[in-house]
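Let me begin by presenting the structure, written as structure tokens, before commenting on it.
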Amino acid sequence: MRVVLRHRARKSTLHALRFAERLRKRNSEFAPSYRETLESIGDELAIMARDQCSSEGERRALLAGLMSAMQRMYRSDPQLAQRVTRRLAPRVLAARPVQSDGVSCLKAAI
């Protein structure tokens, strides 16, 4: 199961990063910032952790998939993958997406 979760996390992360890059290259008004892209990836992985993982080992497999995807996309900056993974790790390991927090939803509505 861990291999499957790692693959899903990697695939999901790569898809999100590539989609955001395509929008940015086209100068689309809907293109998310890098920060928004990483926040949405963190939320998606936290939701996967909440819904599909029954142990910390499985949640760590999601982080391994995130690290793998970041290393593939940003080969020129090997430290970037580690920094992003460390930043998103607490949210994924706790299986708590930001949107599930009532305060965040209130801030977004205002």
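The values are calculated or read from the model by the stated rules, or taken from the named source; none is laboratory data. The structure presented is a predicted model; accordingly, all values stated were derived computationally and were not measured. Every residue, glycine as well, gets a Cβ built from its backbone with ideal geometry; the counts of neighbours run over all protein chains shown.
Before moving on, here are some points about what is shown:
- Only one entry in R8, R26 is surrounded by 13 or more Cβ atoms within 10 Å (Cβ to Cβ), more than 15 Å from Q71 (Cβ to Cβ) and out of contact with any Cys (no Cβ under 7 Å at 6 or more places or on another chain), namely R8.
- Output for the range 49-68, where each listed residue is over 10 Å from the mean Cα position of the chain (by Cα) and part of a helix (DSSP H, G or I): A49, R50, D51, Q52, E56, G57, E58, R59, R60, A61, A64, S68
- Scanning the range 60-95 for residues that are in contact (Cβ under 8 Å) with a residue 24 or more places away in the chain and small (G, A, S) returns A61, A64, G65, S68, A69, A89, A94, A95.
- Contact annotation: residue pairs with Cβ atoms under 8 Å, 6 or more positions apart or on different chains, pairing a residue in the range 9-35 that is of a type in the set (V, I, T) with a partner that is surrounded by 11 or more Cβ atoms within 10 Å (Cβ to Cβ) and in a helix (DSSP H, G or I), are T13/I41; T13/L45; T13/G65; T13/L66; T13/A69; T13/M70.
- Selected residue (only one of R22, R2, R6, R26 is under 13 Å from the mean Cα position of the chain (by Cα), basic (K, R) and more than 13 Å from R91 (Cβ to Cβ)): R6
- All conditions in (1) touching a helix residue (DSSP H, G or I) at 6+ places or on another chain (Cβ under 7 Å); (2) modelled with pLDDT of 95 or more hold for R60, with the sole exception of (1).
- Within the range 36-59, considering residues that are free of Cβ contacts under 8 Å to residues at least 40 places away in the same chain and either among the β-branched types (V, I, T) or surrounded by fewer than 18 Cβ atoms within 10 Å (Cβ to Cβ) (or both), the one farthest from R2 (Cα to Cα): E36
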